[in-house]
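The values are calculated or read from the model by the stated rules, or taken from the named source; none is laboratory data. Predicted model, so just to flag it, every value in this text is computed and none were measured. Cβ sites come from the backbone with ideal geometry, for glycine too, and all protein chains shown count toward neighbours.
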Amino acid sequence: MVRRAFIIVYAFLIITLLLCGVISCRSKKAIGRSVSIFCLSLIPPVLGNMIIIGATTTLPALIGCYIYYIGMDLIMQTLIMFTNRYCYAPKEMATERHQVPSWISFFLLFDVIQMMMNPFLGHAFALREIEVYGAPYFIMEPLIGQTFHRIVCYGALLFIMFVFVSRTIKVPKIYKERYAVILISMIIGTLWQTFYIFSRTPIDRSMIGFAVFGILIFYFSIYYRPVRLLDSILARMASSTKEGVFLYEPEGRCLWVNSYGLEMTKSALDDFEHAARVIVDFFGDVLSVQGDIEYERSIVSGIDEQFFTVTKGDFFDDNQKLLGTFLRIKDVTEEKMRLDRELFMANHDALTRVYNREYCLKKISDKLRQHSLGDYYIAAINLCDFKVFNDVFGRDFGDAALIQVAEWMKRYSDENCIYGRLGGDMFGSFLPKAMFDQAIVEKDLTDFSVKWGNDEHHLVVHVGFCSVDEGDEDVSVLFDRAMMALDSIRDDYKKHVAFFDSKIRDKMLWNKEISGELQTAIDKGQICPYFQPIADRDGKIVGAEALARWIHPVYGFMSPAEFIPLFEENGMIADLDKHIWKSACKTLADWEKKYPNLFISVNVSPKDFFMSDVLSDIMSYVLEYDIDPGKLRIEVTETSMMRDTDDRIKVLEEFRKQGFIVEMDDFGSGYSSLNMLKDMPVDVLKIDMKFLSKTSDERKADIIVKNVIRLSEDLDITSLAEGVETEKHFNKLNDFGCTLFQGYYFSKPLPLEEFEAMLKE
Ligand code: C2E
Ligand code: CA
Ligand code: CA
């Protein structure tokens, strides 16, 4: 009767384990498969145990024993698999990886084999028949193989328990439960098992413990949701976010505030009431809005402005009944400031903190597209000789100057103006005409000086204006015009303001026309060199300077002043110069027989160095006409040397190496002549009398000229005075020791035939 009852219990357990196996196999949980395998693997030993209980003859008891023993090894193996899966994340996600050592599986396998050998060796166990409740019952007499079996199984179990114990200890508190429940079930199951194995009760009911353990594992891994664990994780998440979280009951009572929310509202620990009051003061309106919303809000306290994003939401139960409301308040001040800063940096000039070129032009462009704009000016503001200012006073002072000009511009502007730094020493502004008072600006700029530390220096600032007319949409065209107005007072240090007017417009058209005609003029021979004689100390002509002239079919004779500055500006000078160099070489070749001792000087403009390879261009003409380089003199100004000085010096040195004579033109007209002279490899110094004659004190001018001539003598440089207009001049310069002379005293620049005619005389 008792044995039958046990059989029913076992059958019930087997069915339950089967159900657990199927359910867990179908479960979507990752652990499902290993739980299923474990539950199913429990069935054979439970079945074995059941057979032993029911058996009244030897054979079934023996079969039951083998199923039981081998099944135990199987359980241990599947338990190991379960443990590895339960305690450690899958390989691809694992941050740390420990496992129940895999060699245990070898022992389990070996144990299976040695148990199977029992029928032949009889080393593991023997059956002894006894009588229980009036029927034969077979109990096992353990032998050495059985002891080995126990050691292996308990050993495996110990390792598994060890894993659970170590996990329970190691993991953070909130996770301990996950491991502890399994560990406790395991301990209970094992104790039960052990108790019945060793207690020698008449019927072995040991597998009940393991079966129950399997069912518990199924429950804990598949169904049991550690609510406290989830609660505590979610609560911690809500607590630790860097935003205030406020939970309200449907009636509006504040239920909970996270620690950031408390800190934000300057509330004491757990003083949700205070926090809620503060929130109502600032965000009460948000709370009263129906449904879910999110928006930004700024709060000003004192001089500080703070920015928040506020999210309000309701949450409901499964029946759509309102459970409560939450408010999430995030302080985005820093983020917003950073964004504002980045935007500012992208649109502003780092030094002067006014708009940068792109943004300024864009803003003006946008404004120009508006209808009925009103009367506006575009102004281009330029710091004159800013490069010199920088060189003389240093970059820091230069920076200070730029900042102060930007401030000056700001002072004349209001919210209707758009202004910015267009680059370098150029600023731009877009302003209503009504805001501009020429007299005030003129006066301001006349006295304009910049300060830096204790230093203060006058700075010439020019402003070019262009009136914005109906239909003007291209901002760069408008600025071009304003800059043309600037150009018209470029060298005028008394005038500070200029307007783009019809005169400038005409000049612009003229420039356009002249530039368009240059190539045809060269091709048709309208442009040709005139020759101005250069004389030695005896007044004998030794050479000539080739100076460009344009005999225009409509405008007639044109002096270089009418086109050279324009071509220097737009770079077309290179084409003109090449033409003059070539013509000079051609003339020299022609003179080879007639005047073998004459030289010709040609001008090289600073722009030529940018536009082409001056040396190879000139060399190509020299080779083409097969002339002696020593007869071609190269005139360069110190302006050419101001940029890329080292490269330029190399070019001049190369010229000299090739046999050319290099002359420094217009000495004295620049601002650092003496400094340049030190480095410039030149053979001749052309001293321009024009610049000196501007001086009222003739005595001083004479002293300067005399000493420059002496200086050049000391430096082994030939001196050439140009602009010699009278005999008196010539004699004086001769007395000073000057070597070569050029000027109206000898002759104006002449067409080739007239020059040759003069030579014949
Ligand atoms: P520059 O090279 O200094 O040429 C000397 C200028 O002084 C010439 O003016 C010449 O006519 C003028 N001049 C000569 N003697 C006297 C004098 O006794 N008194 C006065 N007041 N002036 C005198 P020009 O030919 O009008 O040339 C003006 C400038 O144009 C030249 O100055 C030169 O810088 C430039 N230029 C002329 N032709 C060319 C050329 O083919 N290429 C380049 N790049 N520049 C040229
Ligand atoms: Ca010259
Ligand atoms: Ca000159």
Next on the checklist: Looking only at the stretch 715-737, count every residue that is more than 15 Å from ligand 3 (Cβ to nearest atom) and in a loop (DSSP other than H, G, I, E, B) and tell me the total.
Outcome noted: 5
Item to check | Filter result (basic (Lys, Arg) and either under 23 Å from Val636 (Cβ atoms) or free of Cβ contacts under 8 Å to residues at least 24 places away in the same chain (or both)) within the stretch 719-742 | outcome: Lys728
Checklist entry - helices (runs of 4 or more DSSP H) wholly in the stretch 117-236 with at least 3 residues that are touching a residue at least 12 places away in the same chain (Cβ under 8 Å) - which ones? => result 144-170, 173-198, 207-218
Item to check | Sole residue being more than 38 Å from the chain's Cα centre (by Cα) and part of a helix (DSSP H, G or I), chosen from Ser515, Ser476 | outcome: Ser515
Next on the checklist: Take residues that are crowded, with 18+ Cβ neighbours inside 10 Å and tell me which of the strands (runs of 3 or more DSSP E) falling wholly in the stretch 254-346 contain 3 or more.
Outcome noted: 254-257, 304-316, 322-331
Checklist outcome for this item: Glu727 fails exactly one of (1) modelled with pLDDT of 90 or more; (2) surrounded by 11 or more Cβ atoms within 10 Å (Cβ to Cβ); (3) in contact with a Phe, Trp or Tyr (Cβ under 8 Å, 6 or more places away or on another chain), namely (2)
Next on the checklist: Quick test of your reading of the structure: Asp683 fulfils all but one of (1) more than 16 Å from ligand 2 (Cβ to nearest atom); (2) in contact with a Ser or Thr (Cβ under 7 Å, 6 or more places away or on another chain). Name the failing condition by number.
Outcome noted: (1)
Next on the checklist: Go through the stretch 361-402 and report how many residues are of a type outside the set (Phe, Trp, Tyr), in a helix (DSSP H, G or I) and surrounded by 17 or more Cβ atoms within 10 Å (Cβ to Cβ).
Outcome noted: 9
Checklist entry - Do we have Asp665 as in contact (Cβ under 8 Å) with a residue 24 or more places away in the chain and more than 16 Å from ligand 1 (Cβ to nearest atom) here? => result no
Checklist entry - In the stretch 711-718, is there at least one residue being touching a residue at least 40 places away in the same chain (Cβ under 8 Å), surrounded by fewer than 16 Cβ atoms within 10 Å (Cβ to Cβ) and more than 14 Å from ligand 1 (Cβ to nearest atom)? => result no
Item to check | Complete set of residues in the stretch 599-645 that are under 18 Å from Val682 (Cα atoms), within 16 Å of ligand 1 (Cβ to nearest atom) and among the basic types (Lys, Arg) | outcome: Arg633
Next on the checklist: So Tyr745 passes all but one of these: (1) without any contact (Cβ under 8 Å) to a residue 24 or more places away in the chain; (2) within 16 Å of ligand 2 (Cβ to nearest atom). Which condition number does it fail?
Outcome noted: (2)
Next on the checklist: Condition first: within 16 Å of ligand 3 (Cβ to nearest atom) and assigned to a helix (DSSP H, G or I). Now tell me which residues in the stretch 653-662 satisfy that.
Outcome noted: none
Item to check | Unmet requirement for Asp665, which otherwise passes all of (1) within 16 Å of ligand 3 (Cβ to nearest atom); (2) part of a helix (DSSP H, G or I) | outcome: (2)
Item to check | Filter pass, Asp501 being modelled with pLDDT of 85 or more, surrounded by 12 or more Cβ atoms within 10 Å (Cβ to Cβ) and closer than 14 Å to Met426 by Cβ | outcome: no
Next on the checklist: Take residues that are out of contact with any Leu (no Cβ under 7 Å at 6 or more places or on another chain) and more than 30 Å from Asp366 (Cα to Cα) and tell me which of the strands (runs of 3 or more DSSP E) falling wholly in the stretch 421-466 contain 1 or more.
Outcome noted: 449-452, 455-458
Next on the checklist: Can you say whether Leu692 is at pLDDT below 95, buried (at least 18 other Cβ atoms within 10 Å of the Cβ) and in the same structural domain as Gly630 (by TED's automatic domain parsing), as far as the supplied structure shows?
Outcome noted: yes
